[in-house]
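Report on one structure; see the data block that follows.
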C-alpha cells in the first residue's frame, strides 16, 4: 500500500508540513482530505474519533489512545476495515508525511453511507480517515503563562443516558453554544454542568479544582481523558491528594487552583472563574509541578513512542 | 453565477439524475460533493440543516422550510453568506440539474473552519452546501401498505437543555444507537423518550397516536416538523380531534392508530409497537384519510411551488 509512497517521502517529495491525511486508501495533503456530504458521519454525527499528539518526535501514550478508539468503535458497532496495526501504521504515516515534530493526530471512523435507496444503518459501509496537523493548544502558551479564564455555563451537557461520554464523539453543539456564550462574558473557555448542576467537562477538556486540601475532578459524566488519567497518576507520584467525585460550581469558584487537561495542550492552568480570580489569580505551584512532570514524561519510553519518520 | 451553467442544463448537458449538489460556489454531481475533514460541521457537528421535498415537480411548503432554516442558522449564529433568495435559487438549481420530478433536497450551513492555529469559533468562516437526490422514504411504500413496526427505546433523547430540538441538527447518535437496538428486536423504526419517560420523536420523524378519541402528539421536546404541522392542520380540516400534550409509552401501546410524519415520506402508518399490533394490526382509516389529503395538497398552489426546471 505505502511502499512506493514512502519512497517518495524518503526522497523528500510528498511532504506536507501544513498537514497530511489518509483518506479512502491513500495519503494526501490535509487540504485535500474531504468526506462525502452524504456520509452519516456528517449527516448524523454517527462516528467516533480519537486524538493523539506528538511531542519532540514521539507519540504520547499512543497505545492508550488506540485502546480507547477501538473500544469506542466497538460500542458504536463500527468497523474501520483495518486492524490495530493497520491504524497504527497510518497514524505514523500521516505524521511522517507531514514531517512534523509536534503534531495533533486525529483518527475518525464514520458510519459511512447506506446502500442506495435504503435508510437501514446495517447496509452502511463504514469509513476511516486520519490526519496529522501542527500541534493544537486549547489554551495558547501565552494564555498558559498567565492562566486562562473559564466560564460556568447554563447549558446542560448532553447526558450519558443520551450519548455515552466515554465514546469520544462529535456531539458538540451544547459545548459550542456554551463557548459562544462564554465569549460574550469575556471568558476564553467554558465548562458545562449536568442535569443536577454538577460540573462535567468543557469543549475537549476535563477539569480539576484544588479545594479543601485535595484535587477534585468529576468521577462520571465526562470523557475518560488520557491527560486526565496522567494527572491522576502524577498527583499520586508527587503526593498531591486527589479525589474523583462530585465537583460543584461552588468548588470551582472557591478553589485554590484550577486546571484543565486535554491532548490539545496537556495540563493548563485556569486563573479566572466566572470573572473572579482563582486563589492568587496566577498559575499555582501544584499545577506547575504536575505540568513539569507531564512534559517530562514525553521522553519516557514507558509513555511515549518514537514516530517512524523513515 | 449560473447563467452559463444553466445554458448547459437547458442544452441537456450537466444533468445528474443520481443527484446534484451546490458546493463551494458551484454545482457538481452529488458524488463529488465533499466537505473538509477539518470543518467544524463534521468535527463538532456544529451546523444546522433543513430538508424540503419535491413531488411531481413541485416543492412542498418551501417557504416554511426556508423560514425554519433561517431561524436555525440565526439561533446558532451561523451566516451562510447568501440571502434567502440566493438559497432558494440554489435549491431550485440542484433539482434542475438533477432533473428529478421527485426529490429530497437538503441544505446545510456549517461553522466551517477557524483561522489557522486558532480554536476561537468567532474566527470561523461558515459554509453552505445543498444537494438534491432521488426521493427518500423513511418507511418504504411496501412498508406503508402494511404499516411499519416501531420500537420504544430505552435510550433517552438528547434533552432541550443540551441541544434545542427546534434547531434541526445532526446530533443523532442517540437516535442511531436506539435504531440499531430496534433492529435487534425485529423492528423497522424506533422512538425515544425524554428524561421523564414521555415519548419524544424518532430518527427524522414526529409521532402521533389515536387514543381516547383523539390524536395525541408531543407538545414539546421534539423538532417542530413541517409534516407534523400539516397533520395538525389536516386533522382540523377533516374534523379529527387532535391534542398536543404528553404522549406516554402506554398511550402508544394502547392506541387505535399510530402514524409518523417526516419530509422523507410524509404521513406513514405504524401497525406494530413493541412487537404487538396497533388496533387491528392494519393501517387505519383515520391515517388513510389524512394521508390522502396530504398528498392532494402537493398540487395546491397554497402549499406547493413549481420547480424552475428551465
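For the stretch A:252-296, backbone nitrogen atoms closer than 15 Å to the point 7 Å from residue A:237 Cα along Cα-to-C-beta are found at A:266-267, A:287-296. Explain nothing, just the number: relative contact order of chain A, from Cα pairs under 8 Å at least 6 residues apart, as a whole percent. Relative contact order for chain A comes out at 19 percent. With respect to chain B, whose longest principal axis is taken over its alpha-carbon atoms, helix B:84-98 is tilted by about 90°. Between the alpha-carbon centres of the stretch A:218-240 and the stretch B:196-245 there is a gap of 47 Å. Partner shielding of B:161-169 amounts to 5, given as the average count of beta-carbon atoms from other chains within 10 Å of each residue beta-carbon. Label point of residue A:74 (7 Å along Cα→beta-carbon): distances to the other copies' equivalent points are 4.9 nm, sorted ascending. Here is how the number arises for chain A: DSSP H runs of 4 or more residues each give -39500 (n - 2.57), the sum is divided by the residue count, and the result at 222 nm is -8500 deg cm²/dmol. Dividing the mean sequence gap of close Cα pairs (under 8 Å, 6+ apart) by how many residues the stretch B:13-171 holds gives a relative contact order of 31 percent.
Scattering from the stretch B:3-136 was approximated by placing one identical point on each alpha carbon and applying the Debye formula without solvent; log10 I(q)/I(0) at 0.15, 0.16, 0.18 1/Å stands at -0.71, -0.80, -0.98. I need the fraction of alpha carbon pairs in the stretch A:144-244 separated by more than 21 Å, rounded to a whole percent. Considering the stretch A:144-244, 37 percent of its Cα-Cα pairs are separated by more than 21 Å. The calculated FRET efficiency for the pair residue B:140 and residue B:184, based on their C-beta separation and a Förster distance of 25 Å, comes to about 0.80. Of the residues A:241, A:80, A:203, the one that moves most in a GNM of chain A with alpha-carbon contacts below 10 Å is A:241.
The angle separating the long axis of helix A:62-75 from the principal Cα axis of greatest extent in chain A is about 80 degrees.
Here the gap between residue B:15 and residue B:114, fully extended at 0.36 nm per residue and compared with their Cα-Cα distance, gives a gain of 32.2 nm. Here the calculated FRET efficiency for residue A:214 and residue A:64, from their Cβ-Cβ distance with R0 = 25 Å, stands at 0.50, rounded to the nearest 0.05. Can you give me the pair-distance distribution of chain A, C-alpha pairs, 20 Å bins, whole percents? Spelled out bin by bin, chain A gives 32, 56, 12, 0 percent.
Computing FRET efficiency as 1/(1 + (r/R0)^6) for residue A:196 and residue A:82, where r is the C-beta to C-beta distance and R0 is 35 Å, gives about 0.30.
Going by neighbour counts of Cβ atoms within 10 Å, the residues A:121, A:216 line up, fewest first, as A:121, A:216. Here the residues A:125, A:48, B:140, ranked from fewest to most Cβ neighbours within 10 Å of their Cβ, fall in the order A:125, B:140, A:48.
The convex hull drawn around the Cα atoms of the stretch B:174-310, when projected onto a plane and averaged over every direction, covers 9.4 nm².
To the nearest ten degrees, helix B:173-184 and the longest principal axis of the Cα atoms of chain B are 50 degrees apart. By the beta-carbon count within 10 Å of each Cβ, the least crowded to most crowded order of B:116, B:163, A:95, fewest first, is B:116, B:163, A:95. Which percent, to the nearest 5, of DSSP beta bridges fully inside the stretch B:141-298 are antiparallel? That works out to approximately 60 percent antiparallel. Legend: P(r) of the protein assembly as shown from all alpha carbon pair distances, 10 Å bins from 0, whole percents, reading 3, 16, 25, 25, 18, 10, 4, 0.
Each value in this text was obtained by applying a stated rule to the coordinates, not by laboratory testing. As the structure is a prediction and not an experimental result, all values here were calculated from the model. Positions of Cβ are generated from backbone atoms using ideal geometry, with glycine treated the same way; all protein chains shown enter the neighbour counts.
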